[in-house]
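Below is one structure, written out as structure tokens; the observations come after it.
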Amino acid sequence: MSSRLLAGLAAVGFVLAAVSIAGAHCQIPCGIYGDPVRFAQLKEHVTTIEKSMQQIQALSREKEPNWNQLVRWVGNKEAHADELAEIVTYYFMSQRVKPADPADAAASAKYVRQITLLHKMLVHAMKAKQTTDLEHCKQLRVLIHEFEASYLGQQVHKHAAAGHTHK
């Protein structure tokens with residue numbers, strides 16, 4: 001083999017190794033990623049899913065729908081639902097929410113509560129992919145708020161969880 005071919009193969013191997021390391025980065029204990037950013041991302045994904053659903057509904061009602069835009073909004077909705085599910089599973093369920101000692105009733109109850117909220121988020125993310133029912137976005141917002149409060153140890157106010165704020 002020529003030295004140029006070997007150098008080219010080595011470069012490709014290096015790039016592939018770097019890409020696989022970068023993809024696995026969020027599953028190593030590096031401490032770079034932060035919880036507040038993940039919560040902000042979850043909320044952004046819900047907003048994007050909601051806008052996508054609204055656009056899909058509007059385009060579907062048109063006399064002559066723009067099929068290209070319709071397909072793009074469906075793809076966008078599904079991609080953001082998948083990204084939300086990835087944060088829930090690979091960041092929170094796999095790394096951040098740790099199983100509790102069954103002998104510690106309070107810790108066990110908190111663990112079950114958090115895992116249940118995360119699972120419900122996954123179900124609503126899946127339903128958001130399957131439909132354009134905006135109720136799933138509403139429920140995702142409530143669940144994210146409740147999980148964030150539980151995870152950070154704050155009180156949950158149902159009014160705030162529904163997206164209402166006081167000024």
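Each reported figure results from applying straightforward, stated rules to the coordinates on display, with no laboratory input. For clarity, every value in this text was computed on a predicted model and none was experimentally measured. Please note: Cβ atoms are built from the backbone with ideal geometry, for glycine as well, and neighbour counts cover all protein chains shown.
Points worth noting:
- Other residues lying with their Cβ under 14 Å from the Cβ of L122 contribute a combined charge of 0, Lys and Arg counting +1, Asp and Glu -1.
- Projected label distance in nm at T47 and Y33, using a 7 Å step from Cα toward the beta-carbon: 2.1
- P(r) of the range 31-115 over all Cα-Cα pairs, binned every 5 Å from zero, in whole percent: 3, 13, 17, 15, 13, 11, 9, 7, 5, 3, 2, 1, 0
- Computed from the C-beta positions of A79 and A103, the FRET efficiency with R₀ = 35 Å rounds to 0.25.
- Inter-site label distance for T131 and A40 at 7 Å from Cα along Cβ, in nm: 3.2
- One decimal place: the segment N66-I115 gains 13.6 nm when fully extended, by the rule 0.36 nm per residue minus the C-alpha distance.
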